[in-house]
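Undergrad: Before anything else, here's the structure in question.
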Amino acid sequence: MEIGAQLYTIRNFCKTKEDYAESLSKIADIGYKNVQISGGCEVEPEWLLGELNKNGLKCVVTHCNKLKLQNEPLSVVKEHDVLGCDYIGLGYFPFEDVAEALKLFEEKYSGAAKTLKENGKFFMYHNHACEFNKLDGKTFLEHIADKYSKEELGFILDTYWVQTAGGDPAWWLEKLSGRVPCIHLKDHTFDRKMAVLGEGNINFDRVFEKAEACGTKYMLVEQDDCNGEDPFDCLKRSYEYLKARGFK
């Protein structure tokens, strides 16, 4: 498994092309080789590829604009062809009622999932906590995993949000084995704050074990909220934690 940085962590430092370029350089200086594109300003894929190449970085997964994903999936495919990226993620799908959410997901994203599959890409669903609400004894995650094949729908499992919802990240990796090529690593403190890896309470040794066993390729460090700290410093401390455990 390879590690990387989820750029949503530094979204406030990617508001212009100039800042974006500088931020990519800082990510590379920390030691990361892979990134997930998410949260920055709109840029041309050709420009982004050039900046990634300049810094020895590779885009392995994205969070895509949801309206573009719904309405222009072929355009999304072509942009990801430029980047050489096969995993296209839906970053956020908020809901309260599971039955309504299942219907809405079918209406808005089943077509995109099919188009991506037909063009050699993979539609990736990123969870928060609401996906652990249940209908007929099954979580939303289980319902969509049952409805769609692994070629149509994969998952970017987020360790923090699984634990926030009362779940066990390692157990869910095992549950979704074979369809979790990418995961988000962020730690979870006793008061539910997001934390640098190793500074919270998630048992990452089990997460790493189950991720390896279930076929995960990329583990992306993400810290949406750095609690007032410098996000680049947080990403660096998480990188050192992973590096000490033999990952790179």
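Undergrad: Which of these values of percent of Cα pairs over 33 Å apart was calculated from the structure shown: (1) 14; (2) 30; (3) 21?
TA: Looking at percent of Cα pairs over 33 Å apart for this model, the match is (1).
Undergrad: Going down the table (Lys15/Lys58; Lys103/Lys210; Lys150/Lys217; Lys33/Lys108), which pairs top 23 Å between alpha carbons?
TA: As for pairs spanning more than 23 Å Cα to Cα, those are Lys103/Lys210; Lys33/Lys108.
Undergrad: Using alpha-carbon positions, what is the distance between the centroids of region 1-72 and region 189-243, in Å?
TA: With region 1-72 and region 189-243 each reduced to a Cα centre, they are spaced 19 Å.
Undergrad: For an R0 of 41 angstrom, estimate the FRET efficiency from the Cβ-Cβ distance between Ile30 and Ser110 and round to the nearest 0.05.
TA: Efficiency for this residue pair is about 0.60.
Undergrad: If I take R0 = 22 Å and measure r between the Cβ atoms of Val82 and Glu151 in this structure, what FRET efficiency does the formula 1/(1 + (r/R0)^6) give, to the nearest 0.05?
TA: Details: r = 23 Å, r/R0 = 1.03.
After rounding to 0.05, the efficiency reads 0.45.
Undergrad: Determine, for Arg237, Arg245, the number of other Cβ atoms within 10 Å of each Cβ, and report the residues in order from fewest to most.
TA: Ascending Cβ contact count within 10 Å gives the list Arg245, Arg237.
Values in this text are rule-based calculations from the coordinates and carry no lab data. Since the model is a prediction, treat every value here as computed from it, not as a measurement. So basically every Cβ, Gly included, is an ideal-geometry build from the backbone, and we count neighbours across all protein chains shown.
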